[in-house]
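The values are calculated or read from the model by the stated rules, or taken from the named source; none is laboratory data. Here the structure is a predicted model, which means the values were calculated and not measured. FYI the Cβ positions are ideal-geometry reconstructions off the backbone, even for glycines, and counts take in every protein chain you see. Areas reflect the complete protein model, heavy atoms only, side chains present, ligands, DNA and RNA absent. Shrake-Rupley method; radii C 1.70, N 1.55, O 1.52, S 1.80 Å.
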Amino acid sequence: LVVEPDERILVGGGFSEIAGSTQHFLARLNPDGSLAADFRPVLDGPVSALAEESDGLILIGGFFLSVTGQLRGSFARLTASGLIDNAFDPKLSTPATSGLAPISVLFPKPDGEIFVGGSFSALGGQPCTNFARLEPEALLIVTQPSSQMVGAGATVVLQAGVALNGAALSYQWRKNGA
């Protein structure tokens, strides 16, 4: 459960009905206990961890493969309206023998770091076992020059993205600073 600042309540679990309505695995309840009509994410498995970031984005972890039809293998971030945050793709990897990698603990810090616990072998493309810290401004190389001969003064574009934030960045570098 997460009680939001406006006193609505986020509920995750293995349910298929809540507040007298059909809604599977993740729901938002209004302060009067009714199901919020403006939050209807579709998951294919139960939610075992739930947290809200200081900016209102919602972190979910559990035994699901997809959220609203998009593959997210056990870990996703949603907007306040329940839509998938496409800028967030944690690249969760499971041990070869386990199938799904359930996330059991999510703890977002006000500075944007996220602590994640569960049964996984890699997160964010980096090897780690069962526990990780995601940093909000970690750079993720999207494309880089390969096998290029670069002469002095030539410009080569290296494209990078800010992992978990979605802001696209472009960097240029010059060989030997020329």
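Only residues that are without any contact (Cβ under 8 Å) to a residue 40 or more places away in the chain, open to solvent by 20 Å² or more (accessible area, probe 1.4 Å) and not in a strand (DSSP E or B) were counted across region 1-13, and they come to 4.
Residues that are at pLDDT below 90 and closer than 24 Å to Ala27 by Cα occur at least once in region 92-100. Being of a type in the set (Ser, Thr, Tyr), touching a Ser or Thr at 6+ places or on another chain (Cβ under 7 Å) and surrounded by 13 or more Cβ atoms within 10 Å (Cβ to Cβ): is that true of Ser121 here? The answer is yes for Ser121. For the structure I just gave you, tell me whether Asp44 is touching a residue at least 60 places away in the same chain (Cβ under 8 Å) and farther than 15 Å from Val11 by Cα. No, not satisfied. Scanning region 47-72 for residues that are over 18 Å from Glu17 (Cα atoms), among the small types (Gly, Ala, Ser) and surrounded by fewer than 22 Cβ atoms within 10 Å (Cβ to Cβ) yields a count of 6.
Mind listing whichever residues of region 26-46 are out of contact with any His (no Cβ under 7 Å at 6 or more places or on another chain), under 14 Å from Leu78 (Cα atoms) and open to solvent by 10 Å² or more (accessible area, probe 1.4 Å)?
Result: Asp38, Arg40, Val42.
Residues of region 14-25 that are in contact with a Ser or Thr (Cβ under 9 Å, 6 or more places away or on another chain) and either open to solvent by 20 Å² or more (accessible area, probe 1.4 Å) or at positive phi (or both): Gly14, Ser16, Ala19, Gly20, Ser21, Thr22, His24, Phe25. Of the residues making up region 73-88, those that are hydrophobic (A, V, I, L, M, F, W, C) and open to solvent by less than 50 Å² (accessible area, probe 1.4 Å) are Phe75, Ala76, Leu78, Ile84, Ala87, Phe88. Of all residues in region 47-64, those satisfying the criterion of being closer than 13 Å to Ser74 by Cβ and not aliphatic (A, V, I, L, M) are Ser48, Gly61, Gly62, Phe63, Phe64.
For region 36-54, the count of residues that are within 22 Å of Leu134 (Cα to Cα) and part of a loop (DSSP other than H, G, I, E, B) is nonzero.
Suppose we filter Asp111, Asp32 for residues that are over 12 Å from the mean Cα position of the chain (by Cα), of a type in the set (Asp, Glu), at pLDDT 95 or above and in a loop (DSSP other than H, G, I, E, B); which single one remains? From the options Asp111, Asp32, the qualifying one is Asp32.
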